[in-house]
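S.K.: Below: one structure in structure tokens.
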Amino acid sequence: MPEVSGVPGMMEQEAISVLDALTAAGYEAYLVGGCVRDAVMNRSIHDFDIATSALPDEVLRLFPHTAPTGLKHGTVTVVMRHGAYEVTTFRTESDYEQYRRPKTVAFVTELKEDLRRRDFTINAMAMDRERNVIDPFDGRGDLARGLLRCVGDPVERFREDALRLLRGVRFAAAYGLAIEPATWRALQEQAPLLRHIAMERIGAELMRIVCGDDPARGFELLAASGLLAHMKVPLAPALAGMAPERLPAGLRRIGELEAPAQRWAQLLLALGAGAADAREAMLALVYPHAFAAEVTALLAWDERLRERLAAGEDVRRAWQFGALDYGTAALRGWLPLARLRLRGEASQQEGALARLLAEGEAWLAAIPALQPRELAVSGADVAACVGRAPGPWLGALLRRLLELTATGEAVNERSALLAAAEREAKRFG
Ligand code: ATP
Ligand code: MG
């Protein structure tokens, strides 16, 4: 029996007390799915799911605090002091519609029938309160062999629910498993079924792959399977057309970055996507607009910097203008990408990258104003000084004042700025 450790103690105790309450009332009850897999692997557990022979009504009656999460599918959430636990009646699924959710779920009395409907053998284990593992499909054997395998016929299982194609890649990457040959063949053959899956769900799985322990391996598997070519909303060619034999070195290192936006940006950069493609892909995956903007800004700034350096511009000046155009958060967020690049392949712009890594933070801190309202003069002051009615020219002139202060050509003081405004005004007719 595996020693279970690393479990958030209070939640584990509570989950066991839920099992106890159910068994005391005469029902069978087990921990099931991901938490058992993680316990067997000695990994930390983030949620405890419970399967029981009790019907949802009976579960509702047995616990004082519950939420009817998915009554039709047999799921009741039991709310305790330290956490919430999904308690689901043993069930089978059938009549999958359009390669996704089942039309019919039937409650059954046998745990094994419930485990049979689950996607992979490693996810089809249960554990009782004595920590005996019930494992009819040999999930433990597969874990020991390092294999991800479907429960039953893999072709059928992917045809029932095509999201399993992506879940398979995620689990193989997250747990360092090889995909068992029949499962792998089926995954490749059935890849086109991914078209039937809502982009939100695809986006959520891809996010978990990108943010997981080994995103590079996840993307190797995505490239080798061709899954990303089969989306309801097509992804940019850089992603959709990823070829396993041409995966760029930069992609292998995205796991070294912390923030999700940095990982996505590095991935897209490595694949040669531009800022516009990146934005389109992030929106196709139904990520929040703010997240899409964050990723896009990283790529757009990267593109801009390369251009400016290639055109011979001074690196500090490019950085100062970048701060005004993309914001300091984007520039700061980009520094870890530069660090990766510098440690990776040789580049012509190495010297510039090294200077940015050494001095970029200080250069940002030295910029006195990033927004017009941070200037020591107001728009009205400038208009009055120039002697013209406010108009579009005023915004352009204020921007020019921001540039002059950012580069140190003017100090952020009223008299200096008004003098500069007078000098520059005729350029902004
Ligand atoms: P994690 O939560 O760590 O990502 P998990 O295995 O707990 O992994 P969940 O999505 O929380 O994944 O699902 C809980 C369990 O429900 C799974 O372990 C699996 O047994 C079953 N399951 C979830 N989604 C599917 C699916 N699409 N097809 C078959 N079984 C599934
Ligand atoms: Mg889970």
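S.K.: Please find, within region 25-40, the residue that is nearest to ligand 1 (Cβ to nearest atom) out of those that are part of a loop (DSSP other than H, G, I, E, B) and buried (at least 16 other Cβ atoms within 10 Å of the Cβ). Spell out the reasoning first.
M.R.: Just the residues of region 25-40 that are part of a loop (DSSP other than H, G, I, E, B), to begin with: 25-28, 33.
Next, from what is left, pick out any that are buried (at least 16 other Cβ atoms within 10 Å of the Cβ): 27-28, 33.
Details: Y27: 20, E28: 17, G33: 3 Å.
Residue satisfying both the conditions and the ranking: G33.
S.K.: If you don't mind, there's one more thing I want to ask. Could you tell me which numbered condition A338 fails, if it satisfies all but one of (1) open to solvent by 10 Å² or more (accessible area, probe 1.4 Å); (2) farther than 30 Å from I197 by Cα?
M.R.: (1)
S.K.: Any residue at all in region 130-145 that's in contact with a Lys or Arg (Cβ under 6 Å, 6 or more places away or on another chain) and either among the small types (G, A, S) or on the phi < 0 side of the Ramachandran plot (or both)?
M.R.: Let us first name the residues in region 130-145 that are in contact with a Lys or Arg (Cβ under 6 Å, 6 or more places away or on another chain), namely 136, 142.
Those still in the list that are either among the small types (G, A, S) or on the phi < 0 side of the Ramachandran plot (or both) too: 136, 142.
There is at least one residue in region 130-145 that is in contact with a Lys or Arg (Cβ under 6 Å, 6 or more places away or on another chain) and either among the small types (G, A, S) or on the phi < 0 side of the Ramachandran plot (or both).
S.K.: Given the criteria touching a Lys or Arg at 6+ places or on another chain (Cβ under 7 Å), under 18 Å from L335 (Cβ atoms) and open to solvent by less than 20 Å² (accessible area, probe 1.4 Å), does L257 qualify?
M.R.: Working: touching a Lys or Arg at 6+ places or on another chain (Cβ under 7 Å): yes; under 18 Å from L335 (Cβ atoms): yes; open to solvent by less than 20 Å² (accessible area, probe 1.4 Å): yes.
So L257 fits the description; yes.
S.K.: Please return the ranges of strands (runs of 3 or more DSSP E) entirely within region 46-143 where 3 or more residues are within 30 Å of A191 (Cβ to Cβ). Let's see the steps before the verdict.
M.R.: Working: elements: 49-52, 66-70, 75-79, 84-89, 91-96, 102-107.
Output list reads 91-96, 102-107.
S.K.: Additional query: Name the one entry in L251, L222 that is under 17 Å from the mean Cα position of the chain (by Cα), open to solvent by less than 30 Å² (accessible area, probe 1.4 Å) and closer than 28 Å to Q348 by Cβ. Please lay out each step first, then the result.
M.R.: Values: L222 fails: closer than 28 Å to Q348 by Cβ.
Testing whether each residue is under 17 Å from the mean Cα position of the chain (by Cα), open to solvent by less than 30 Å² (accessible area, probe 1.4 Å) and closer than 28 Å to Q348 by Cβ leaves just L251.
S.K.: For region 280-306, which positions are in a helix (DSSP H, G or I), open to solvent by less than 50 Å² (accessible area, probe 1.4 Å) and either touching a Pro at 6+ places or on another chain (Cβ under 6 Å) or not small (G, A, S) (or both)?
M.R.: Within region 280-306, M282, F291, V295, T296, L298, L299, W301, D302, L305 qualify.
S.K.: Which one of these does A21 not meet: (1) of a type outside the set (D, E, K, R); (2) part of a helix (DSSP H, G or I); (3) open to solvent by less than 30 Å² (accessible area, probe 1.4 Å)?
M.R.: The failed condition is (3).
S.K.: Restricting the first residue to region 42-64 and requiring it to be within 16 Å of ligand 1 (Cβ to nearest atom), which pairs with a second residue that is modelled with pLDDT under 95 and open to solvent by 60 Å² or more (accessible area, probe 1.4 Å) meet a Cβ separation below 9 Å and a spacing of at least six or different chains?
M.R.: Note: pairs meeting the criteria are N42/E3.
S.K.: Condition first: polar (S, T, N, Q) and either within 27 Å of L71 (Cα to Cα) or crowded, with 19+ Cβ neighbours inside 10 Å (or both). Can you find one or more residues in region 132-145 that meet it?
M.R.: No, because not a single residue in region 132-145 is polar (S, T, N, Q) and either within 27 Å of L71 (Cα to Cα) or crowded, with 19+ Cβ neighbours inside 10 Å (or both).
S.K.: Condition (residue is among the hydrophobic types (A, V, I, L, M, F, W, C), part of a loop (DSSP other than H, G, I, E, B) and under 23 Å from R339 (Cα atoms)) applied to region 203-218: is it met by at least one residue?
M.R.: Taking region 203-218 and keeping what is among the hydrophobic types (A, V, I, L, M, F, W, C), we get 204, 206-207, 209-211, 216.
Narrowing the set further to residues that are part of a loop (DSSP other than H, G, I, E, B) leaves 211.
Now narrow it down to the ones that are under 23 Å from R339 (Cα atoms): 211.
Yes; the residues of region 203-218 include at least one that is among the hydrophobic types (A, V, I, L, M, F, W, C), part of a loop (DSSP other than H, G, I, E, B) and under 23 Å from R339 (Cα atoms).
S.K.: Also, quick follow-up: Filter region 152-169 down to the residues that are aliphatic (A, V, I, L, M), surrounded by 20 or more Cβ atoms within 10 Å (Cβ to Cβ) and away from ligand 2 (no atom under 16 Å from the Cβ), then identify the one that is nearest to the chain's Cα centre (by Cα).
M.R.: The first filter runs over region 152-169 and keeps only residues aliphatic (A, V, I, L, M), leaving 155, 162-163, 165-166, 169.
Narrowing the set further to residues that are surrounded by 20 or more Cβ atoms within 10 Å (Cβ to Cβ) leaves 162-163, 165-166, 169.
After this cut, where a residue has to be away from ligand 2 (no atom under 16 Å from the Cβ) as well, the list is 162, 165, 169.
On the way: A162: 20, L165: 17, V169: 14 Å.
Applying the filter and picking the extreme gives V169.
S.K.: Let me ask another. Would you check if there is a residue in region 367-376 being part of a helix (DSSP H, G or I) and buried (at least 18 other Cβ atoms within 10 Å of the Cβ)? Steps first, please.
M.R.: Kept after step one, since they are part of a helix (DSSP H, G or I), are these residues of region 367-376: 372-374.
From what is left, the residues that are buried (at least 18 other Cβ atoms within 10 Å of the Cβ) are none.
Looking for residues that are part of a helix (DSSP H, G or I) and buried (at least 18 other Cβ atoms within 10 Å of the Cβ), one finds none in region 367-376, hence no.
S.K.: A further question on this structure: In region 220-268, what residues are assigned by TED's automatic domain parsing to the domain that holds L165 and polar (S, T, N, Q)?
M.R.: Hit for region 220-268 is S225, nothing else.
S.K.: Considering (1) touching a residue at least 12 places away in the same chain (Cβ under 8 Å); (2) within 20 Å of D214 (Cβ to Cβ); (3) more than 17 Å from the chain's Cα centre (by Cα), say which one R246 fails and leave the rest.
M.R.: For R246, the failing item is (1).
S.K.: Among A198, A172, A178, A186, which is more than 16 Å from ligand 2 (Cβ to nearest atom), under 18 Å from the mean Cα position of the chain (by Cα) and either loosely packed, with under 15 Cβ neighbours inside 10 Å or more than 28 Å from L283 (Cβ to Cβ) (or both)? Step through it out loud before you land on a result.
M.R.: Numbers: A172 fails: either loosely packed, with under 15 Cβ neighbours inside 10 Å or more than 28 Å from L283 (Cβ to Cβ) (or both); A178 fails: under 18 Å from the mean Cα position of the chain (by Cα); A186 fails: under 18 Å from the mean Cα position of the chain (by Cα).
Exactly one of A198, A172, A178, A186 is more than 16 Å from ligand 2 (Cβ to nearest atom), under 18 Å from the mean Cα position of the chain (by Cα) and either loosely packed, with under 15 Cβ neighbours inside 10 Å or more than 28 Å from L283 (Cβ to Cβ) (or both), namely A198.
The values are calculated or read from the model by the stated rules, or taken from the named source; none is laboratory data. Every value quoted in this text rests on a predicted model; they were computed, and no experiment measured them. Glycine gets a Cβ as well: all are built from the backbone with ideal geometry, and neighbour counts include every protein chain shown. Remember, those area values only see protein heavy atoms, side chains included, never the ligands or the DNA or RNA. Shrake-Rupley method; radii C 1.70, N 1.55, O 1.52, S 1.80 Å.
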